[in-house]
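For reference, the structure is listed below as structure tokens.
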Amino acid sequence: MTNLANLPAATSLINIHGSKSTAATSRKLMAASEALNGPALPAALGHLIDLHVSRLNGCSYCKLLHLAEARETGVDEALIAQMGDPAAVAALEDRRLAAALAWAEALTLPCDEAALDAPRAELARHWSPEEQAAITVKIALINAWNRLGRGAWHVTEAA
């Protein structure tokens, strides 16, 4: 796990841990995120999804956190640089990874229902039903964390 003390300072604007119920909810959200780690969702893939979606959403705190995690996992810097750029992701030679990240974009960026068909089909071509489910839940969770991060924290150093 990334040492949060190594990240730039963040000012809390809304304390999402401020009440018993919100603290319990954020702990459950963290537990859900951690439950996906393992064989169905290798760490490097999880960190790349988190980084890609966080960059698409513009969440400075999450971008920095997941950038550090990707590096700690040994993800190649050239690959890290492509996250957040839909055109670069579409051009990836690793079609499995490209399919997962394209699905992340489709679920993150506004689009109509029909626009989900092609990335969903591509995901199904490269990933088992169990893997598709894990990837989809991972995308939903990082989108939730991004909303919390953008609303609750202000990063005081540039991301």
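The values are calculated or read from the model by the stated rules, or taken from the named source; none is laboratory data. Nothing here was measured: the structure is a model prediction, and the numbers come from that model. Cβ sites come from the backbone with ideal geometry, for glycine too, and all protein chains shown count toward neighbours. Surface accessibility is based on the protein's heavy atoms, side chains included, excluding ligands, DNA and RNA. Shrake-Rupley method; radii C 1.70, N 1.55, O 1.52, S 1.80 Å.
Annotations for the structure displayed:
- Solvent-accessible surface of region 28-159, taken per residue with a 1.4 Å probe and all protein chains present: 48 Å².
- For region 86-159, GluC sites (Glu not before Pro) meeting the loop criterion (DSSP other than H, G, I, E, B) and having at most 11 other Cβ atoms within 10 Å: E93, E157.
- Solvent-accessible area, 1.4 Å probe, carbon plus sulfur percent, for region 65-142: 58
- Annotation: lysines with alpha-carbon distance below 26 angstrom to K63 (same-chain offsets under eight excluded): K28, K138.
- Helix 117-126 and the longest principal axis of the Cα set of the chain meet at an angle near 80°.
- Dipole moment magnitude, nearest 20 debye, region 52-159 about Cα centre, only Lys, Arg, Asp, Glu C-beta charged: 260
- Along its first, second and third principal axes, ordered by size, region 112-151 spans 36, 24, 10 Å in Cα coordinates.
- Over the Cα atoms of region 35-90, the radius of gyration divided by the Kirkwood radius equals 0.95; this is the Rg/Rh ratio.
- Taking a Cβ cut-off of under 14 Å around T22, the surrounding Lys, Arg, Asp and Glu residues balance to a net charge of +4, with basic ones at +1 and acidic ones at -1.
- Averaging the sequence gap over all C-alpha pairs within less than 8 Å and six or more residues apart, then dividing by the number of residues, gives region 63-159 a relative contact order of 23 percent.
- Between E72 and A115, the FRET efficiency estimated from the beta carbon spacing at R0 = 22 angstrom works out to 0.05.
- What separates the Cα centres of region 86-159 and region 34-52 is a distance of 12 Å.
- Taking N as its residue count, the alpha carbon Rg of region 1-144 over 2.2 N^0.38 Å: 1.06
- Within the shell defined by Cβ-Cβ distances under 13 Å, the residues around N57 carry a net charge of +2, with Lys and Arg each +1 and Asp and Glu each -1.
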